[in-house]
1. Among B:37, B:313, B:453, B:238, rank each residue by its count of other Cβ atoms within 10 Å, from fewest to most, as a rough exposure measure.
2. Multiply the residue gap between residue B:399 and residue B:77 by 0.36 nm, knock off their C-alpha separation, and tell me the result in nm, one decimal place.
3. How far is it, in nm, from the label point at residue B:432 to the one at residue A:39 when both lie 7 Å from their Cα along the line to the Cβ?
4. Compute the semi-axes of the equivalent ellipsoid of chain A, taking the square root of 5 times each eigenvalue of the Cα gyration tensor, and list them largest first in whole Å.
5. With r defined as the distance between the Cβ atoms of residue A:16 and residue B:39 and R0 fixed at 45 Å, what FRET efficiency is calculated, to the nearest 0.05?
6. Using R₀ = 35 Å, calculate the FRET efficiency as 1/(1 + (r/R₀)^6) where r is the Cβ-Cβ separation of residue B:440 and residue B:3; round to 0.05.
7. Run the Debye formula on the Cα coordinates of the protein assembly as shown, all scatterers equal and no solvent, and tell me log10 I(q)/I(0) at q = 0.07 1/Å.
8. To the nearest 0.05, how large is the calculated FRET efficiency for residue A:76 and residue A:155 if R₀ is 41 Å and r is the Cβ-Cβ distance?
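A short reminder: the numbers here are calculations on the coordinates, not readings from a lab. What you are looking at is a predicted structure, and each value in this text was computed from that prediction instead of being measured. Positions of Cβ are backbone-derived with ideal geometry, glycine not excepted, and every protein chain shown enters the neighbour counts.
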């Protein structure tokens, strides 16, 4: 070790000075770090819009039977978050039962089990993804309501499926926000039965 | 569910690779008697000299343990005052596009203690409470300093074995600068860059709230420094913080990397790599079985839900207990994140812990209750596990009637007292706090879920605070003054007891001269000692917490689906 502490007795003033300078230095470093990473994001990031958020605004825009529906949300307009309901909480069970009934009523041609992702709220409340199974079961309804060919809608869904990264990380999924945007490009605007896009 | 296990194994392998890459650099940061070598070392040395010179601490002189501990306490105090100032003056400070007012006193004090003590409990929603200025100049600054103080504590404990007959244990300011600037910063830059490439938000402009802000930079240091404080209320679950499954895996890997690297660097510091590997294996032994339970519980269907729901796993549907989880990660990787964030003291979340299955919540609580030593916080985790190692050799010594020693240092009454204080203050604080909350109706009412799950919410809050984890059963409405201040007191007690006792412990060991290895010395690198070390951790944890855990998550698990609640 370097020279012993005995040559200079410790003082509170010295500690305060060193601490304050240290906090100031780290603050400067943090700002440089934050700005540098923002510059990096501008240069090398995928750009704005690369990540979809199923916010209340997005959900309202694509509300209605002519659009693909995402997962229910416990988030507010501005604050992300989950329901925080325990797994056996009666409130959770009642809510899931309502969601299941809703999915069945909206998609009468679907007779199999309802995928769990479509009836549970996500952790962020802005989760834009559903399972491929959840997207596929909505195809007949969306096709009917938009007047599009069912095969066309089905192939759009298949093309929208995101696979596991390196075949390993994550779950196969469909981004409903992006899917609905692609759908709105396909719906001929003069048709009467097209869903109204509320902005 | 084989696929989920392969994904988990791959993520853990990624953590190990990052850790092994860090080890040589981390090893070089401990000795201060000679300058760092190489080009990188010269640059780092120049930064260190200038910073310490400005702080009036150059040339860095060795501090006695008492002065070292006092310096850490003062650094906490100064951090407290500065951060409290930032939050209370938020309305007057710039870079506040939403025009947010000052943070209310109770939440401000709670948040400040939380970030200064490396807990990062969040009693606020980032989007609607904090301006980007407060996040960057306030919280992110502490996200560097708080773990750096933990790493400094680890340095002192390591020097306890490296030095002999020394009255000093290194220079606090030098250690903190090395940890923050030379270790945490480069790792945070690397992880931020990777997250940004995956699509995480990192913007400086007027965008804030749910739309973005300096998210990647804060998330990265929160994970690298086992802080856990996220930019958003939903923390790492938010798509702008963790946009892809790969971003999720990277976050897990970087959370675990530094604590793993610390074990291996410890072996190099004391010039006996077997000892570092033994500590790492004890950690693995403590980490993997509960992880398996957690993953099994979360990937299984929630049987309380009505029939007619697909909860299984197949090619086009990844089921499991998805309430409070993100569809892109799936339940297996979400469970691994939960384990990594509770075993390390990070406390970040990519899934809502309140909605975990009963056994999943049990594992999360278990990891936290063990005192954040299973990998643990950066620095404090390893230092705490060394304290457990002293307990293990002490118990072994009692069994065979020999005076205990560890790594050549004789363990005597003073060392045992300090180790036990460091290990017992957090559980005592947890249980006292939970008991008070459970008997005071006004506090107990903060738990929104009925029955045993409600009790788990109270227990989780105090365990998370006293052990400086910071994750939550987030349904708990901890915004009242008795909660914010009660948890702040628990966070401060847990942190101060741990840091001060461990620094004094290191000092006490550094003053001793090594004893010669004899035939009576217990080898501390073999399977027997690894089992004893893991056993000591489990025993203390089980003795302290099983009664409380039985009232919470275990009761909930036994209650069965749709069992009578309340």
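1. The most exposed by this proxy come first: B:37, B:313, B:453, B:238.
2. Full extension of this stretch gives 111.6 nm more.
3. Result for the modelled spin labels: 5.0 nm.
4. That gives 50, 22, 16 Å for the three semi-axes.
5. The calculated FRET efficiency here is 0.80.
6. 0.15
7. So the normalised log intensities work out to -0.48.
8. 0.70
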